[in-house]
1. Suppose the filter is over 23 Å from residue A:131 (Cβ atoms), buried (at least 16 other Cβ atoms within 10 Å of the Cβ) and without any contact (Cβ under 8 Å) to a residue 60 or more places away in the chain; does residue B:64 pass it?
2. On the basis of being under 22 Å from the mean Cα position of the chain (by Cα) and either facing chain A (nearest Cβ under 7 Å) or modelled with pLDDT of 90 or more (or both), does residue B:46 make the cut?
3. Going by the conditions given, is residue B:59 facing another protein chain (nearest Cβ under 7 Å), closer than 24 Å to residue A:144 by Cβ and away from the ligand (no atom under 15 Å from the Cβ)?
4. Do you know which of the residues in segment B:13-23 that are at the interface with another protein chain (Cβ under 9 Å from one of its Cβ atoms) and within 16 Å of the ligand (Cβ to nearest atom) is nearest to residue A:146 (Cα to Cα)?
5. State which residue is farthest from residue A:153 (Cα to Cα) when the search covers only segment B:24-43 and only residues that are more than 10 Å from chain A (Cβ to nearest Cβ), more than 8 Å from the ligand (Cβ to nearest atom) and in contact with a helix residue (DSSP H, G or I) (Cβ under 8 Å, 6 or more places away or on another chain).
6. Out of all the residues in segment B:1-12, which are within 15 Å of the ligand (Cβ to nearest atom) and either modelled with pLDDT of 90 or more or more than 10 Å from every other protein chain (Cβ to nearest Cβ) (or both)?
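The values are calculated or read from the model by the stated rules, or taken from the named source; none is laboratory data. The structure displayed is predicted, hence computed values, not measured ones. Every residue, glycine among them, receives a Cβ derived from its backbone with ideal geometry; neighbour counts consider all protein chains shown.
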Ligand SMILES: [Zn+2]
């Protein structure tokens, strides 16, 4: 292995210059992973030192940011995940239809008025909490895709899983996020439409109540009720995606 | 493409990850079907909303200094060991 010193001299490579632009993204993601600023800082530092040490393993021409994220994810799994996170059991039968309808009904001006926002009055903290409430694997794909803008292929690379798994997690993760956002919107009255929100599942109806300090941390993904709803992807993990079979090369190009 | 397919792959379409032909099929469907067009518009707004509200905050300045120090210390340690 070439040492850090050698490639720095040989290639005139300045690690800090190359890696520092990603510190904000890394830190934000680390914070969502650890949910604590001290752990997040330690995680970023360890990631940096590993990246510095193993820079010769980085393949020129590939995405440096994705490479840093991959190191961070591996470090996180080794250091933090085992002790802190317990697996979340979720029933994936979706009741997507009803949620979609609620969003549509409550977002009547969105198309006419490009400046209007879904859940306009919702606070940033509520959105963050909603994302934090997702099970770890689903939170990660949503974060990497929607916040960090990685392609499916890059996410598959970072998380060491097939592209089909990324897609199925993204599908479910986004559905869960939509659902959680809606529950917040209903609970705290952020939905603007005066029309009462009709949910198909009675269990999901939440009575409006005053927000207690610190509340919301306990936001949970509600398990959908079994019913006559269409189950889109009942099987876990590997999501047989019909388009994938056609021509993977063409279907999943980066950029 | 029918509405059912559109619902299944709407996220992947909006991410531009369906591949050229499917992306085109999808767009043609949207041009003909108001429901799906609306569905796609709302989904796209939702993505924007989440992205905007989850904006990336700057990392703390002390962390940046700490990282720079750590890399320098690591380099010095390495040089000394040679
Ligand atoms: Zn349609």
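1. yes
2. Against the criterion (under 22 Å from the mean Cα position of the chain (by Cα) and either facing chain A (nearest Cβ under 7 Å) or modelled with pLDDT of 90 or more (or both)), residue B:46 qualifies.
3. It is true that residue B:59 is facing another protein chain (nearest Cβ under 7 Å), closer than 24 Å to residue A:144 by Cβ and away from the ligand (no atom under 15 Å from the Cβ).
4. My answer is B:18.
5. The selected residue is B:31.
6. B:1, B:2, B:3, B:6, B:9, B:10
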